[in-house]
Structure formats: C-alpha cells, structure tokens
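> Sharing a structure below in structure tokens format, with a few things to ask.
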Ligand code: ASN
Ligand code: ZN
C-alpha cells in the first residue's frame with residue numbers, strides 16, 4: 001500500500017470544493033463523505049474473551065458503567081483530534097468504526113490494541129485502577145492502530161520504541177486537544193490518574209522528563225532514559241520498547257514546548273506527516289536516527305527550510321543525543 005495514497009481528508013475536501021460543477025466525473029473524483037464517528041463499546045465481563053457483549057453503540061445514551069462511558073468518550077476525543085487537527089477520518093483514514101472492550105480479564109493491569117480494537121483492564125485495585133481513566137492511554141492505544149495502517153513500525157528495538165513513542169505523542173495530543181491546552185501548559189504525562197493513592201507516582205511516563213514519572217517502594221523508579229546515553233539494551237519488552245521510547249518522547253516534547261502554541265499544529269503535525277509518510281515513506285524498521293531525519297524532511301516539506309519548526313526539531317534531536 002502506498003503511503004501517499006492516504007492523503008489527509010482536508011486535502012480531499014479542498015480538491016472537491018475547487019472542482020467546478022461542470023467538471024465531468026472521473027476516476028480522480030474522490031467522493032466526499034461526511035466523516036462521522038462510529039463507536040461501539042463491548043464488555044468482556046472480566047473474561048479474556050473478545051470482543052465481549054455489546055453495551056453501547058454510537059446512537060446510545062451513556063450507560064450505567066463509567067468504564068464504558070470513558071472508553072466511548074475517549075474514542076470520540078481521539079477521533080476528534082485525528083479529524084480536526086490532521087484531517088484524518090478515523091484510524092485507517094477512511095472512517096474505520098472504532099471498537100473498544102472494557103472489563104477485560106480479572107485484575108488486569110494493562111490496556112492494548114489487538115489489531116482491531118482497544119482493550120482495557122480494570123486494574124488490580126492495589127497499584128492500578130481502571131485503564132479507561134486516562135485519556136492519554138486511550139489515545140495511545142488507538143494510535144497503535146494509526147501506525148498499523150500507515151508506517152507499520154516493527155514492534156521491536158528502535159522501530160518498536162518509535163511505535164511506542166508515536167502512541168504516546170498522539171495520546172498526549174488527544175488530551176491537550178480535548179482540554180484546549182497549549183504545549184507549555186501541558187503535563188506531558190501519559191497515564192495520569194491510573195495509579196491508586198497507594199502508589200508514589202504521577203503517571204506511567206513523563207514525556208518531558210522521562211524517568212521521573214514515579215518512584216515507589218513496590219514499582220521502583222521510572223526506568224525510562226531521557227537521552228541516548230541512557231539507552232537500554234535489553235531483550236525484554238521487545239527490546240525495551242516501553243523504555244527507550246522515552247528518548248523520542250522527550251525530543252517531541254522539547255520541540256513542541258519550544259515552538260509553543262497548540263502542540264498538534266506544529267510538532268504534532270510534523271510527527272503525524274512523518275508517520276503517515278506524507279512527504280516520503282517511512283521505513284518500518286526505522287532507527288531513531290532515520291526517524292529524526294524523516295521528521296526534519298517532513299518539517300522542511302510542511303514549514304520550509306528556514307522555519308522555526310525545522311530548527312526546533314533539529315535542536316531537540318541533538319539534546320537527546322540522537323543527532324550529533
Ligand atoms: N499498554 C501497552 C501498549 O500499548 C500494552 C502492550 O502492547 N505492551 O504499549
Ligand atoms: Zn503502546
């Protein structure tokens with residue numbers, strides 16, 4: 001699949017509007033359909049059977065289950081970011097219905113994208129509460145779908161850490177977009193509100209200061225590195241994908257806060273363009289260095305050679321030791 005065959009919806013709309021009514025229909029005339037969100041939430045009933053029982057469809061009013069409503073609203077907020085900030089119609093770019101399953105497993109301490117849907121555990125109640133409580137986590141899981149349909153970054157080593165990092169980027173952006181929050185006012189935390197009060201910690205990860213999200217007797221200290229000097233060589237976790245993602249996460253947060261304004265408009269747009277391959281296809285096995293190069297190519301294409309965006313992004317990659 002060609003990445004360039006996946007243009008932002010905004011462009012399709014402009015083309016459609018530009019076309020005079022006299023223009024005869026052709027193979028190039030893309031039918032413009034209204035981008036409407038289509039969400040369905042299922043309940044796994046504390047089993048590991050997917051998808052579970054359908055409990056809320058798009059037209060339904062809120063139900064008497066906070067996890068269901070949070071998942072539903074989080075799908076909506078993620079859809080809104082993709083459409084309003086990037087002109088993307090859902091996860092696949094062509095209106096894919098969004099599916100989520102809540103109450104997965106028993107005391108299940110995670111959330112994941114299974115290739116077709118988002119799945120949320122309730123947490124064990126001791127360290128973690130329910131995983132739908134964090135909008136950045138919902139955005140994170142759906143972003144795995146976006147990556148799957150676009151760059152297809154291989155979930156291992158550096159490309160895996162980039163896959164993880166892009167999910168954190170979109171997760172943070174969904175939250176900031178929902179709150180109408182500017183980059184310099186954002187927490188840059190992923191998974192705020194997931195820990196119980198028993199845990200000494202703010203969130204799962206900090207994008208602006210990786211390694212500082214928690215420091216707890218049971219969990220230990222947040223192990224994320226903040227730069228290449230701390231790069232973790234391990235075979236666990238697909239080569240430390242949830243650890244080394246701290247490095248590109250910080251590069252993004254540094255660039256976004258230096259640029260100011262709404263993060264999705266400048267740094268976020270560049271990262272999005274990079275992953276969807278707008279200017280040039282991204283290698284699914286990209287290293288950090290290759291990805292950094294690609295973000296600079298995307299910044300150049302969108303904002304220009306002399307742009308503040310290009311220089312902020314270059315500086316950020318240097319600060320984290322990816323470029324020298
Ligand atoms: N929550 C984790 C993630 O989305 C689950 C996993 O895939 N390891 O990265
Ligand atoms: Zn992830």
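The values are calculated or read from the model by the stated rules, or taken from the named source; none is laboratory data. These numbers come from a predicted model, not from an experiment. Cβ sites come from the backbone with ideal geometry, for glycine too, and all protein chains shown count toward neighbours.
> Here are the criteria: (1) under 20 Å from the mean Cα position of the chain (by Cα); (2) surrounded by fewer than 18 Cβ atoms within 10 Å (Cβ to Cβ); (3) over 15 Å from residue 173 (Cα atoms); (4) touching a residue at least 12 places away in the same chain (Cβ under 8 Å). Tell me which single one residue 277 does not satisfy.
Exception for residue 277: condition (2).
> Right, another one. State which residue is surrounded by the most Cβ atoms within 10 Å (Cβ to Cβ) when the search covers only segment 70-129 and only residues that are closer than 28 Å to residue 261 by Cβ and within 16 Å of ligand 2 (Cβ to nearest atom).
If we take residues in segment 70-129 being closer than 28 Å to residue 261 by Cβ and within 16 Å of ligand 2 (Cβ to nearest atom), then 78 is surrounded by the most Cβ atoms within 10 Å (Cβ to Cβ).
> Here are the criteria: (1) part of a helix (DSSP H, G or I); (2) within 15 Å of ligand 2 (Cβ to nearest atom). Tell me which single one residue 155 does not satisfy.
(1)
> Same structure again: Go through segment 207-236 and give me each residue that's under 19 Å from the mean Cα position of the chain (by Cα) and within 16 Å of ligand 1 (Cβ to nearest atom).
Scanning segment 207-236 gives 207, 210, 213, 224.
> Can you tell me how many residues in segment 95-107 are over 20 Å from residue 81 (Cβ atoms) and touching a residue at least 24 places away in the same chain (Cβ under 8 Å)?
Here the count works out to 6.
> Filter segment 284-316 for residues that are in contact (Cβ under 8 Å) with a residue 12 or more places away in the chain, outside any helix (DSSP H, G or I) and buried (at least 16 other Cβ atoms within 10 Å of the Cβ) and give the result.
Once the filter is applied, which keeps residues that are in contact (Cβ under 8 Å) with a residue 12 or more places away in the chain, outside any helix (DSSP H, G or I) and buried (at least 16 other Cβ atoms within 10 Å of the Cβ), segment 284-316 yields only 286.
> Given (1) within 15 Å of ligand 1 (Cβ to nearest atom); (2) in contact with a helix residue (DSSP H, G or I) (Cβ under 9 Å, 6 or more places away or on another chain), identify the lone condition not met by residue 63.
(1)
Condition check ((1) buried (at least 19 other Cβ atoms within 10 Å of the Cβ); (2) touching a residue at least 60 places away in the same chain (Cβ under 8 Å)) across all residues:
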| residue | (1), (2) |
| --- | --- |
| 182 | no, yes |
| 185 | no, no |
| 197 | no, no |
| 216 | no, no |
| 219 | no, yes |
| 225 | yes, no |
| 234 | no, no |
| 237 | no, no |
| 241 | yes, yes |
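> Considering every residue within segment 82-94, establish whether at least one is without any contact (Cβ under 8 Å) to a residue 60 or more places away in the chain, more than 13 Å from ligand 1 (Cβ to nearest atom) and part of a helix (DSSP H, G or I).
no
> Would you be able to say whether some residue in segment 260-274 is outside any helix (DSSP H, G or I), at pLDDT 95 or above, over 18 Å from the mean Cα position of the chain (by Cα) and away from ligand 1 (no atom under 16 Å from the Cβ)?
Yes; the residues of segment 260-274 include at least one that is outside any helix (DSSP H, G or I), at pLDDT 95 or above, over 18 Å from the mean Cα position of the chain (by Cα) and away from ligand 1 (no atom under 16 Å from the Cβ).
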